[in-house]
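Notes to accompany the following structure.
Values in this text are rule-based calculations from the coordinates and carry no lab data. Here the structure is a predicted model, which is why all the values come from computation and not from measurement. Using ideal geometry, Cβ is built from the backbone for each residue, glycine included, and neighbour counts are taken over all protein chains shown.
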Amino acid sequence: MNKSEKKAELHRFIPTSRAEMDARGWDELDVLFISGDAYVDHPSFAVALLARVLEAQGLRVGIIAQPDWRNPDAFKVMGRPRLCAAISSGAMDSMVNHYTAAKKKRRDDAYTPGGQSGARPNRAIIAYTAAVKGAFKGLPVIIGGIEASLRRLAHYDYWSDSVRRSILVDSKADLLVYGMGERPLQEIVYRLQQGETVGEITDVPGTVWLSSFPPPGVMLPDFAAVEHDVERYAEAFALVEKEGHNALVQGHAGRYVVVNPPAQPLAEAELDAVYRLPFVRRPHFSYQEKIPAFEQIRWSVTSHRGCQGGCAFCAIARHQGRFVQSRSEGSVVDEVQRLSADPQFRGTISDVGGPTANMYGIEVRDRQRCRRCRRSSCLHPGICENLRVNTGRGARLLRKVRQLQGVKHVFVASGVRYDLLEKQSDYTQELFDHHVGGLLKVAPEALSDPLLQVMRKPKAALFGRFVDSFRDHNRRRGKRRGIVPYLMAGHPGSTLSDMVDTALFLQRYHLEVEQVQEFTPTPGTLATCIYHTGIDPMTGQRVKSSYSERERRLQKALLLYHQPQQRKAIREALQACGREKDGAVLLGTSSRQPSKPAGNKSGRKRRR
């Protein structure tokens, strides 16, 4: 890189060093962002997105990515910011990022150059906040991102096997922003600019603050009550689910954690404006090694936010919100055109989607009715009549993108809801005809109805109809494509018998699973509450969980029924749950033939 190119690079990215500040003629920052992820200037990386949003307001912002939390000088490289520091652990909770479901240390980190592990601390929000407060006495500290968002109240922590206090209390930060942070962060920074102290900013929607007295709001069982009493913990969780549109208050040893009502979702035009910001769409020029997470999403496009599914194990709705926020078709098309102009683009858009691809364009008929609603899912046990799910927008968007000059292939990789597809014939046709490669990835998670009820997922029969529909389409079009089902072992309510039923379903439909996800209790989810308490907080029913390593191992073996090395474990599992009679069918020693047409997921011969 010559001198002129290097100078240009100094201006393209959000500053990360004093040299980049000097190139802009800045002597200080207004807002300093601290991130547990590497700095990738791309809208899929939240810190970069928020920094660009504030930059567009005329603020001077900088990013320190993955600083050494043990070295105070690492936080001082750009000096003391004028207004505040904004801290995030990154795209993942740091404990989920570091440890497997078996609590073993992960060997890599997709959000770090070279995939190297160890670039961020455990409980990164707490460690970074302590470091910033040590480096800059009296500087307001705002915490946010998924780690802060999902730990905003007292929560069960799987890695310590205990109920921990709100992360606002444990970190000693001044304010917490939860959910998608554009609105609250802009308002906080604006008010700091106007001379308000951070202690005076207590009424911003989408924020959490500490009070010395109980303010008006829905009073939750306090930390002392939920720390050791699982019934009170379940009660608190249910209140949060039902009353989350109101202010929530939870006592913490004489102080009160106050969760203000959620921020209003961005309107379509506002969301479009965010994605028009001048992202470089590259990792910062200082990195010498590839960042795996960027490589995975580099040629993908986010079409919307939020999720109405309410799956028990998923935190997306609690973080991104239950109202789906869709970009305009023109905004998505414009982004794809920018991608196609990249000299390194080879013609393939790897994904057009969001938390669930076919939720793009879903509309709510009556928003006020939603605000009064107490359902934890808009899709379970059935699709709410207040949703207009077949707007035609999803199919139109895919057609427009695939017809763009320079675009050869457009795939949908972010997953689809097959219960919605039954009401979206136009999207289904477009998807099957043009946007599936060799394999279509779907996430039924399980195929036993009692377990699916606990998971808040569609019944197994719907998945069966979806498989039949996809295969019928392939036969009519002469295509050889398969389905990859994603399944989970060890979810609360999951028994060995449920896994036997799931394995028999897979075998009947000639489906093979390459890998099985093991349930990890992550903060803030319904499934984690059930795992900790043994109670479904929304129904009050008792639910058993799999706590032993042996049972989880046997559950996984059943889902991998087609692998010869699992046969011994499968026999052990069948004996343990009294289902030995199913062994003949499951292990392939029965003369009974499967009831569905053959053809495994990849079109290759089935392995024996």
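Some values worked out for this structure:
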{"quantity": "Added length on full extension, which subtracts the Cα-Cα distance from 0.36 nm per residue, residue 434 to residue 366", "calculated": "21.1 nm"}
{"quantity": "Close Lys-Lys pairs in the stretch 68-212, where close means Cα under 26 Å and separation is 8 or more or interchain", "calculated": "5"}
{"quantity": "Long-range tail of P(r) for the stretch 3-73 (Cα pairs > 20 Å, %)", "calculated": "29 percent"}
{"quantity": "Bridge type composition, the chain - antiparallel percent by DSSP, nearest 5", "calculated": "45 percent"}
{"quantity": "Cα-Cα separations in the chain greater than 43 Å, expressed as whole percent", "calculated": "22 percent"}
{"quantity": "Proximal charge balance of residue 184 [Cβ under 12 Å; K/R count +1, D/E count -1]", "calculated": "-1"}
{"quantity": "Formal net charge of residues neighbouring residue 430 (Cβ-Cβ distance under 13 Å; K, R +1; D, E -1)", "calculated": "+3"}
{"quantity": "HN-Hα J in Hz across the stretch 147-160 - Karplus 6.51, -1.76, 1.60, θ = phi - 60°, x for Gly and Pro", "calculated": "5, 5, 4, 8, 10, 6, 10, 3, 8, 6, 10, 5, 6, 9"}
{"quantity": "Antiparallel bridges, percent of DSSP beta bridges restricted to the stretch 299-435 (to nearest 5)", "calculated": "45 percent"}
{"quantity": "Normalised per residue, the volume of the convex hull around the Cα set of the stretch 29-149 (Å³)", "calculated": "99 Å³"}
{"quantity": "Prolate/oblate/rounded call for the stretch 112-223, Cα gyration tensor, a/c under 1.5 rounded", "calculated": "oblate"}
{"quantity": "Residues with amide H under 5 Å from that of residue 84, placed H, sequence gap 5 or more", "calculated": "32"}
{"quantity": "Helical mean residue ellipticity (222 nm; -39500 (n - 2.57) per DSSP H run of 4+; nearest 500) of the chain", "calculated": "-10000 deg cm²/dmol"}
{"quantity": "Dimensionless Rg over Rh [the stretch 299-435; C-alpha; Kirkwood]", "calculated": "0.99"}
{"quantity": "Phi-based couplings in Hz for the stretch 95-112 (Karplus 6.51, -1.76, 1.60; Gly and Pro marked x)", "calculated": "6, 5, 5, 8, 10, 7, 4, 8, 6, 9, 5, 6, 8, 9, 9, 5, 9, 10"}
{"quantity": "Whole-Hz couplings from phi, Karplus 6.51/-1.76/1.60, listed for the stretch 13-26; x for Gly and Pro", "calculated": "9, 4, x, 10, 8, 5, 4, 5, 5, 4, 4, 9, x, 8"}
{"quantity": "Positive-pole candidate from 361, 316, 331, dipole of the stretch 313-361, charges at beta carbon", "calculated": "316"}
{"quantity": "Inter-centroid distance (Cα atoms) of the stretch 225-244 relative to the stretch 1-78, Å", "calculated": "40 Å"}
{"quantity": "Selection from 26, 163, 447 lying farthest towards where the dipole of the chain points positive, charges on Cβ", "calculated": "447"}
{"quantity": "Nearest-20 debye value, the stretch 1-81 charge dipole, Cβ charges on Lys, Arg, Asp, Glu", "calculated": "120 debye"}
{"quantity": "Tensor-based shape of the stretch 37-104 (alpha-carbon gyration tensor, a/c under 1.5 rounded, otherwise prolate or oblate)", "calculated": "oblate"}
{"quantity": "Kirkwood Rh and Cα Rg combined as Rg/Rh, the stretch 357-461", "calculated": "1.01"}
{"quantity": "Leading residue at positive end of dipole, the chain (Cβ point charges), from 343, 129, 186", "calculated": "343"}
{"quantity": "Rounded Å value of the spacing that divides the Cα centres of the stretch 265-326 and the stretch 539-577", "calculated": "35 Å"}
{"quantity": "Selection of GluC sites (Glu not before Pro), the stretch 219-256, meeting DSSP coil and at most 16 other Cβ within 10 Å", "calculated": "227"}
{"quantity": "Net charge contributed by nearby residues that have their C-beta within less than 10 Å of residue 114 (K/R +1, D/E -1)", "calculated": "-2"}
